[in-house]
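Structure first, then comments.
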Amino acid sequence: VSAFPVDTHIHRLAYRWKLSTGKNVDKTEKDLKEAFPRETWNKVHLQIIFFGRKYCPARGHNALACPICKDFGRASLFK
């Protein structure tokens, strides 16, 4: 069974970046599998984690400082 590993961080970022509705991790995994080619899942998973650590942390998040949130993030990030 191939999987796109979704933990709390991936789930949060996928929601922030409008890659998923963010209802639950199962839905997020399904959405990410549809968004990215299967052969890239492991690489994209790691890229999301490392990008999130640097630009889009859970605490002290500044949506304008994140290159993805700034241009594609949910409107609720800017309230």
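The values are calculated or read from the model by the stated rules, or taken from the named source; none is laboratory data. In this text the structure is predicted, and so the values were computed from the model without any measurement. With ideal geometry, Cβ positions are generated from the backbone for all residues, glycine too; neighbour counts draw on all protein chains shown.
The figures follow:
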{"read-out": "Residue in the stretch 1-20 that is farthest from Lys79 (Cα to Cα), counting only those that are in contact with a Ser or Thr (Cβ under 6 Å, 6 or more places away or on another chain) and outside any helix (DSSP H, G or I)", "value": "Val6"}
{"read-out": "Test: residue in the stretch 65-76 that is over 13 Å from the mean Cα position of the chain (by Cα) and on the phi > 0 side of the Ramachandran plot", "value": "no"}
{"read-out": "Selection count where residues are in contact with a Cys (Cβ under 9 Å, 6 or more places away or on another chain), in a loop (DSSP other than H, G, I, E, B) and farther than 17 Å from Asp7 by Cα, scope the stretch 21-79", "value": "6"}
{"read-out": "Restricting the stretch 20-43 to residues that are aliphatic (A, V, I, L, M) and at pLDDT 95 or above, the residue that is surrounded by the most Cβ atoms within 10 Å (Cβ to Cβ)", "value": "Leu32"}
{"read-out": "Leu46 vs. criteria surrounded by 15 or more Cβ atoms within 10 Å (Cβ to Cβ) and not polar (S, T, N, Q)", "value": "no"}
